[in-house]
Amino acid sequence: MLEYTDYLKIFIALLAVVDPLAAMPIIVSMTARDKASELKAIARTVVLSVTTVLLVALYMGHQVLIFFGISINSFRVSGGILLMLMSFSMLQGKISETVRNKDEAIEGETRETAVVPLSIPLLAGPGAISTVILYAQKGSGIHHYLLISLDIVAVTVILWCVLLATPWLTQRLSQTGINIVIRLMGLILLALAVEFIAGGLKGLFPVLA
């Protein structure tokens with residue numbers, strides 16, 4: 001049974017992996033042509049899309065793993081490696097290509113920006129989905145799932161605020177300030193990745209425990 005402090009940890013982990021500030025430069029470039037009123041509509045669509053993807057991962061992710069015959073320990077290791085790669089890019093103040101590669105960036109210029117690529121895969125990408133699935137398996141019961149759902153909603157509320165405040169934040173914060181926050185989130189993400197990998201390896205190779 002997880003303690004309430006563990007759910008606070010899950011919230012911080014999700015906030016780090018979704019990382020709205022890391023997406024700010026791309027959000028600015030993609031919404032530069034939109035008026036303030038249209039930015040609100042984009043923010044609403046992004047938040048609804050991210051919330052839906054993460055909630056589906058929470059309630060159906062484990063069933064997908066079972067369908068493909070993937071053990072949770074194998075998924076812990078692979079998910080941890082993915083988060084580690086993302087954290088390395090964040091520690092350099094960059095957006096990882098595991099979230100969005102160059103081809104997707106070009107494609108995104110001609111597609112609906114609110115869903116692709118802002119929501120998927122920029123914010124609710126493989127790292128965020130993996131994190132939700134792995135934390136879902138740390139407990140059981142409706143109480144556990146409701147608390148993680150609350151964490152997801154809290155993260156998307158913060159995402160909503162950042163999206164709406166992006167024009168104001170980019171005017172007030174220097175690129176250095178944004179990069180400092182990104183690097184701090186990257187450090188948290190790296191620690192989370194090590195924890196996932198260690199837990200997965202112990203499950204796969206009990207002799208390491």
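Okay, here's what the table says:
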| quantity | calculated |
| --- | --- |
| Hey, Thr170 of a type in the set (Ser, Thr, Tyr) and either farther than 13 Å from Leu15 by Cβ or not in a helix (DSSP H, G or I) (or both) or not | yes |
| Qualifying residue in the range 162-176 (condition: within 27 Å of Met60 (Cβ to Cβ) and either modelled with pLDDT under 90 or of a type outside the set (Val, Ile, Thr) (or both)) | yes |
| The range 140-159, residues that are in contact with a Phe, Trp or Tyr (Cβ under 8 Å, 6 or more places away or on another chain) and either of a type in the set (Gly, Ala, Ser) or under 17 Å from Asn73 (Cβ atoms) (or both) | Ala154 |
| Positions within the range 179-197 being in contact (Cβ under 8 Å) with a residue 12 or more places away in the chain and over 17 Å from the mean Cα position of the chain (by Cα), in sequence order | Asn179, Ile197 |
| Residue in the range 148-169 that is within 18 Å of Asp19 (Cα to Cα) and among the acidic types (Asp, Glu) present | yes |
| Unique residue being surrounded by 14 or more Cβ atoms within 10 Å (Cβ to Cβ) and modelled with pLDDT of 80 or more when the list is Glu104, Glu195 | Glu195 |
| Enumeration of residues in the range 166-178 that are surrounded by 15 or more Cβ atoms within 10 Å (Cβ to Cβ) and free of Cβ contacts under 8 Å to residues at least 12 places away in the same chain | Leu173 |
| Candidates Leu146, Leu123, Leu118, filtered to the one that is modelled with pLDDT of 95 or more and out of contact with any Lys or Arg (no Cβ under 9 Å at 6 or more places or on another chain) | Leu146 |
| Lone qualifier among Ser130, Ser140, Ser149, Ser119 - being among the small types (Gly, Ala, Ser) and outside any helix (DSSP H, G or I) | Ser140 |
| Helices (runs of 4 or more DSSP H) completely within the range 1-75 that count 1 or more residues being modelled with pLDDT under 90 and within 22 Å of Leu190 (Cα to Cα) | 24-30 |
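The values are calculated or read from the model by the stated rules, or taken from the named source; none is laboratory data. Since we're looking at a predicted model, the values are computed, not measured. Neighbour counts are summed over all protein chains in view; Cβ atoms, including those assigned to glycine, are modelled from backbone coordinates with ideal geometry.
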